[in-house]
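Q: Below is one structure. I have some questions about it.
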Amino acid sequence: MREFLQFGTVGGMAFVIDIGLFNIVQHGPLAFLAGHPNSANVFSATIATLFSWTVNRLWTYRGRTRDNRTKEGVLFAIGNLGGIAIAQFCLLFTHHVLGLTGPLADNIAAYVVGFGLGTAFRFLFYHYVVFTGASGPQDPQETE
């Protein structure tokens, strides 16, 4: 339960970073990517992913990290790409199957349904694939 709550906390902070940076570089005072929503999304998601990996590694999954950080980082990136693909699928389904193309439909598809399903996928992927290093024995008899 502790791991799940920590994962959720980190994910919530990464979500705020992602959506905040997206809006700042797309619509905000910086707006250096105005008119380029896909580029803005890649930029913001990349920063949020780096933040998430660092904090999850140091806090959520501390003690379960791998010795090979490069392999762990690549697996983490693959997990995030899977989560992004799930959100993109939800957005494509809403547009091309349901015919809903308004801003509200886009936000519900990508940031409610897609983000929720993607988050569940990421949690399982991180737990069972990425952060699988030794966490130490849980039972004192395991040391014998």
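Q: V97 to R2: FRET efficiency via 1/(1 + (r/R0)^6), r the Cβ-Cβ distance, R0 25 Å, to the nearest 0.05?
A: 0.05
Q: Contact order normalised by length for the stretch 17-141, with contacts defined as Cα pairs under 8 Å and 6 or more residues apart; what percent is it?
A: 26 percent
Q: Report, to the nearest whole %, how much of the accessible area of the stretch 1-83 belongs to carbon and sulfur atoms, 1.4 Å probe, protein only.
A: With neighbouring chains kept in place, the figure for the stretch 1-83 is 68 percent.
Q: Something else about it: Using the eigenvalues of the Cα gyration tensor, what equivalent ellipsoid semi-axes result for the stretch 14-75 when each is taken as the square root of five times the eigenvalue, whole Å, largest first?
A: Ellipsoid half-lengths, sorted descending, are 29, 12, 6 Å.
Q: Counting heavy atoms of the protein chains only and a 1.4 Å probe, report the per residue accessible area for the chain as a whole number of Å².
A: 61 Å²
Q: For all pairs of alpha-carbon atoms in the stretch 43-106, what percent lies in each bin of width 5 Å, listed from the first bin to the last filled one?
A: Result returned by the calculation: 4, 15, 19, 19, 13, 11, 9, 7, 4, 0.
Q: Further question on the same structure: Give me Rg over Rh for the chain, both radii from the alpha carbons and Rh done the Kirkwood way, two decimal places. Could the numbers behind the result be given before it?
A: Working: Rg = 17.5 Å, Rh = 16.5 Å.
Radius of gyration over Kirkwood radius for the chain works out to 1.06.
Q: Highest mean first, what order results for 44-50, 11-17 on Cβ atoms within 10 Å?
A: Details: 44-50: 18.7, 11-17: 16.0.
Those peptides, ordered most packed to least, come out 44-50, 11-17.
Q: As a check on your grasp of the helix formula, calculate [θ] at 222 nm for the chain: sum -39500 (n - 2.57) over DSSP H runs of n ≥ 4, divide by the residue count, round to the nearest 500.
A: -21000 deg cm²/dmol
The values are calculated or read from the model by the stated rules, or taken from the named source; none is laboratory data. On a predicted model such as this, the values are computed, not experimentally measured, just so you know. Every residue, glycine among them, receives a Cβ derived from its backbone with ideal geometry; neighbour counts consider all protein chains shown. The area values use the complete protein model at the heavy-atom level, side chains included, leaving out ligands, DNA and RNA. Shrake-Rupley method; radii C 1.70, N 1.55, O 1.52, S 1.80 Å.
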